[in-house]
Structures are given as structure tokens and as C-alpha cells.
1. Give the stretch 87-120 a look and list any residue that's touching a Pro at 6+ places or on another chain (Cβ under 8 Å) and in a helix (DSSP H, G or I), or say none.
2. Condition first: buried (at least 20 other Cβ atoms within 10 Å of the Cβ) and part of a loop (DSSP other than H, G, I, E, B). Now tell me which residues in the stretch 36-47 satisfy that.
3. Return a yes/no flag: does the stretch 96-116 have any residue that is modelled with pLDDT of 95 or more, farther than 17 Å from Pro26 by Cα and among the β-branched types (Val, Ile, Thr).
4. Evaluate the stretch 14-28: report whether one residue or more is surrounded by fewer than 14 Cβ atoms within 10 Å (Cβ to Cβ) and of a type in the set (D, E, K, R).
5. Which residue, of Gly13, Gly50, is over 15 Å from the mean Cα position of the chain (by Cα), in contact (Cβ under 8 Å) with a residue 40 or more places away in the chain and within 18 Å of Phe115 (Cβ to Cβ)?
6. Kindly indicate whether any position in the stretch 82-90 is farther than 25 Å from Asp140 by Cα and under 11 Å from the mean Cα position of the chain (by Cα).
7. For the stretch 123-150, what are the residues that are more than 23 Å from Pro80 (Cβ to Cβ), of a type in the set (Gly, Ala, Ser) and loosely packed, with under 15 Cβ neighbours inside 10 Å?
8. Out of everything in the stretch 48-85 that is of a type in the set (A, V, I, L, M, F, W, C) and part of a loop (DSSP other than H, G, I, E, B), what residue ends up being farthest from Gly108 (Cα to Cα)?
Amino acid sequence: MVEIRMRSDTDGGRVGFDPVGLLIQPGQTLRWICEANYHTATAYHPTNGGHSLRIPRAATPWSSDLLQPGEHFDLTLTVPGVYDYFCAPHEQAGMVGRIVLGVASGPGSLPFDWFKGMAEAKDWLPVPTAARAVFPAIADIVRRNTIPAVGLAMAGMHGGG
């Protein structure tokens, strides 16, 4: 089981997933744990509110329920590729994460605007600018395996309630 912490400062002004980038193998189970505030783990996929496709085409999109402190969400991924995901209430604040499952391939490995001009994607929502800035580079994830969240361990960030 690989754990991803859903973190927040007291007022919700600074939020994030920790780690923000992971390299795992197909069949490994992920567990998102809400430490503070309320969060979701939601795949970038058109079925999730019209978001752009940033997971492998053959993968099943997911969206957790709204998690409260102490709650968790488990998911096992099996289709290799890059999976970008976000927290629905905090996407605009840059609460996003990236998983490389085995190999760096699929829509999540392409530029954020790869779908521009495609008829099927005319209504897709782009990844917000603040969120784009948070995603770690795929090459860094592959090289380091785990990319911790930057700045979330600083004063004011907490877990457990």
C-alpha cells in the first residue's frame, strides 16, 4: 500500500497532496488519507466534470467521495501510463498530483493542451494555470520515484484534524 497524504493549513489557503509525484507498478494500491480540511482524489477525465483527459485512455476514471479528516480512499491502478489527478474543492489552489504507473505514456505524458482543436475535446476544461505549476516533471518522478510536496511541511500545515 502506497500512502498519499491530503494536507491543508488551518484556513485551507495552502493545500496539497504529499507526495505530489509517485512512480509505482501496476497492481499496487494507493491510499489517499485526509489529514485536515476536506478533499477528493479525482482523475483528470471528461466524465469528471468535463476535465481534460490526463490518464491513459484504457484506464477507468475515478473520483472519491468528499473525505473528512481521518477518512481515506483506496484505488488500485492496472493500466500503465501517467495519471494526473486533483482535489475537486481545491484544484484552483493547485492541489494536484501525478502518478507514473510503470511507464510514462498516454495523455498525461503529453503537453497540457495536447487536445486543442479535437472535436471530441471541444468542451473539455483545461488544467488551471496554478495547478500546472505544481505537477512535478515526469522525468523527475521516474528518476526519484517519489516527489514530496514542496512547502507542506512548513509551519501551519498539520494533519489529524
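The values are calculated or read from the model by the stated rules, or taken from the named source; none is laboratory data. Just so it is clear, the model here is predicted, and its values are computed rather than measured. Using ideal geometry, Cβ is built from the backbone for each residue, glycine included, and neighbour counts are taken over all protein chains shown.
1. Answer for the stretch 87-120, where residues must be touching a Pro at 6+ places or on another chain (Cβ under 8 Å) and in a helix (DSSP H, G or I): Glu91, Gln92, Pro107, Gly108.
2. Ala36, Asn37, Thr40, Ala41, Tyr44, His45
3. yes
4. No, the stretch 14-28 contains no residue that is surrounded by fewer than 14 Cβ atoms within 10 Å (Cβ to Cβ) and of a type in the set (D, E, K, R).
5. On inspection, the qualifying residue turns out to be Gly50.
6. Yes, that holds for at least one residue.
7. Across the stretch 123-150, the qualifying residues are Ala130, Ala133.
8. Selected residue: Leu66.
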